[in-house]
Amino acid sequence: MERMFEGYCLQTLLHTLVETATTGDKLQPPPSRAEEDSRRPRPRGHSSGNFRDHLLREFNPKPLDQYHDLDDYPVVTDMYSNRALSLLMMPPRIFMLGATGYLGSEFLVLLAHTFPGYPVVALLREPTSQRIAALSAIHPNITAVEGTLDSGDVIQRQAAEADIVINAASSDHSPSVKAILQGLEKSSLARPGQPPLYIHVSGCGIVSDDARGEPVEHVQEWSDIGLDLNKCPPTNMHLECDIPITKAGTRTDVPIRTIILYPGQIYGVGEGIQKTTLWLRIFLDMTKKVGHAGTWGPGANSMNNIHVRDAAEGMLVVLKAALEGKADEGAEGHYFLTSMERKVSYREWTQVFGDILHTKGIIKEAGTRPMPPEVVEPLGHYGWSLLGGNQFTKPERLARLGWVPKHSAELSLLDSLPAAIDVALEEF
């Protein structure tokens with residue numbers, strides 16, 4: 001797949017430099033689907049609605065996913081057929097939410113390396129020239145559209161224009177997920193036979209046992225093979241978004257291809273725009289306010305962890321598999337994005353966390369102890385479920401695709417903390 005687009009990349013890059021030009025903070029909107037289609041030459045008698053189907057029928061003696069590289073592609077000799085093949089190789093348009101975040105921007109680094117010719121439209125709050133430049137430094141073919149997760153009309157419109165939507169923003173923002181699905185429905189209706197792809201990043205909070213930090217004799221380990229979201233504890237986080245996504249991915253009318261990824265406790269210093277994980281920054285803020293590191297309850301609970309580079313590579317593996325028609329989707333499109341390295345209890349890692357901050361003179365008390373009610377109570381069930389529960393998972397679907405979380409094996413969560421804390425303190 002990658003080799004098929006190498007010849008296109010330079011042309012796309014030059015086009016992007018023109019299309020994404022800005023004056024001060026003025027943002028040039030990304031080209032619409034109609035504008036992109038209008039740039040493609042068409043034979044007479046074929047409308048935009050059936051042109052791609054015509055090319056597939058006339059110029060491909062076997063399906064595209066059976067061609068592994070250009071050497072295997074069918075030989076064509078006349079100019080019209082060569083032009084047709086170049087049109088078939090037009091890269092998919094991606095709409096991305098969370099492109100500047102911790103995992104999202106790490107994934108964007110890998111996406112740019114692997115598929116630099118894929119045009120990406122990023123939803124961006126306050127798209128100043130500085131923020132756009134930061135994105136462009138990562139990906140050569142990216143444009144931005146202004147909006148937040150509450151900009152339903154913007155999200156729906158961009159999703160309708162996209163071939164692929166990747167949502168690495170909030171996993172619990174139901175209105176934005178609803179807008180994405182509505183936009184993808186329009187995309188599916190506009191291009192029959194070419195259902196759009198939606199890759200959504202959720203979290204392992206769906207399987208939390210809500211142990212409230214207490215020791216548990218037996219913790220259920222969940223596999224992503226045969227995972228049924230309706231059998232997860234119904235009050236757990238993320239399900240409000242994940243269940244409608246899965247439902248959209250299982251219907252036959254107005255089809256949408258859906259995949260949901262469930263990361264564990266992501267850690268490590270990233271190479272993207274946001275360098276440190278949200279949970280580390282949250283705990284750093286709480287610890288500085290109360291003067292000590294702490295847990296929800298005794299802190300005996302734990303979960304699978306994953307280095308941020310492994311998590312981003314897992315996302316890329318799933319995207320590649322989906323492009324090749326090899327990914328599990330819909331009712332089977334659930335992927336735990338976790339390593340099987342040693343699980344670290346909240347008490348254990350907050351102990352190290354507190355000791356580091358005490359050594360730096362940031363807090364007066366070393367070690368860890370349960371957080372006081374004024375910290376715990378405002379977060380209610382959300383906090384107890386995510387921060388006080390066990391979340392044990394097995395990433396069997398990704399293993400089937402050959403994914404190996406090697407960075408997690410090389411650098412543990414505990415060993416990553418000193419460098420991550422230093423970077424997080426700089427970001428605050």
Distance in Å, no decimals, from the C-alpha centre of the stretch 149-196 to the one of the stretch 229-281 is 15
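Check each of the chymotrypsin sites (Phe, Trp or Tyr not before Pro) in the stretch 277-348 and keep only those in coil by DSSP with at most 13 other C-beta atoms within 10 angstrom; list them in order. Please list the in-between numbers first.
Working: sites: Trp279, Phe283, Trp296, Tyr335, Phe336, Tyr346; in loops: Trp296.
Of the chymotrypsin sites (Phe, Trp or Tyr not before Pro), not one in the loops of the stretch 277-348 has a Cβ with at most 13 other Cβ atoms within 10 Å.
Mind running the shape call on the stretch 351-407? Use the C-alpha gyration tensor, a ≥ b ≥ c as the square roots of the eigenvalues: rounded below 1.5 for a/c, prolate if a/b tops b/c, oblate otherwise.
Numbers: a/c = 4.29, a/b = 1.59, b/c = 2.69.
Oblate, since a/c reaches 1.5 and b/c is not below a/b.
Explain nothing, just the number: dipole magnitude of the stretch 149-250 about its Cα centre with +1 on each Lys and Arg Cβ and -1 on each Asp and Glu Cβ, in debye rounded to the nearest 20. Write out the running numbers ahead of the final one.
Numbers: 7 positive and 15 negative charges, 110 e Å.
For this selection, approximately 520 debye.
Roughly speaking, what is the stretch gain from Val254 to Lys326, that is 0.36 nm per residue apart minus the C-alpha to C-alpha distance, in nm to one decimal?
On the way: separation 72, 0.36 × 72 = 25.92 nm, distance 2.11 nm.
Fully extending the segment from Val254 to Lys326 adds 23.8 nm.
Taking neighbour counts of Cβ atoms within 10 Å as a proxy for exposure, in what order, fewest first, do Val207, Val308 appear? Don't jump to the answer; show the numbers that get you there.
On the way: Val207 25, Val308 28.
If I rank by nearby Cβ atoms, fewest first, I get Val207, Val308.
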Determine the shape class of the stretch 112-171: with a ≥ b ≥ c the square roots of the Cα gyration tensor eigenvalues, call it rounded for a/c under 1.5, and otherwise prolate if a/b is greater than b/c, oblate otherwise. oblate
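Can you compute the FRET efficiency between Lys247 and Lys288 using 1/(1 + (r/R0)^6), with r the Cβ-Cβ distance and R0 = 45 Å? Round to the nearest 0.05. Walk me through the intermediate numbers first.
Numbers: r = 42 Å, r/R0 = 0.94.
Efficiency at R0 = 45 Å is approximately 0.60.
Working out 0.36 nm times the residue gap between Thr359 and Arg191, then minus their Cα-Cα distance, what length gain in nm do you get to one decimal? Before the final figure, lay out each step's value.
Values: separation 168, 0.36 × 168 = 60.48 nm, distance 5.96 nm.
Stretched fully, the Thr359-Arg191 segment lengthens by 54.5 nm.
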Roughly how many nanometres apart are two label points built 7 Å out from the Cα toward the Cβ at Leu425 and Ala133? 2.9
Everything considered on the Cα gyration tensor (a ≥ b ≥ c; rounded for a/c under 1.5, else prolate if a/b is larger than b/c, else oblate), the stretch 287-424 must be described as prolate
Which GluC sites (Glu not before Pro) in the stretch 207-297 sit in a loop by DSSP (not H, G, I, E or B) and have at most 13 other Cβ atoms within 10 Å of their own Cβ? Glu217
Modelled FRET efficiency - R0 22 Å, Glu214 with Glu377, Cβ distances, 0.05 increments: 0.80
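Values quoted throughout were computed directly from the atomic coordinates according to the rules given, and no laboratory measurement underlies them. Owing to the predicted nature of the structure, the values given are computational and were not obtained by experimental measurement. All Cβ positions, glycine included, derive from the backbone under ideal geometry; neighbour counts span all protein chains shown.
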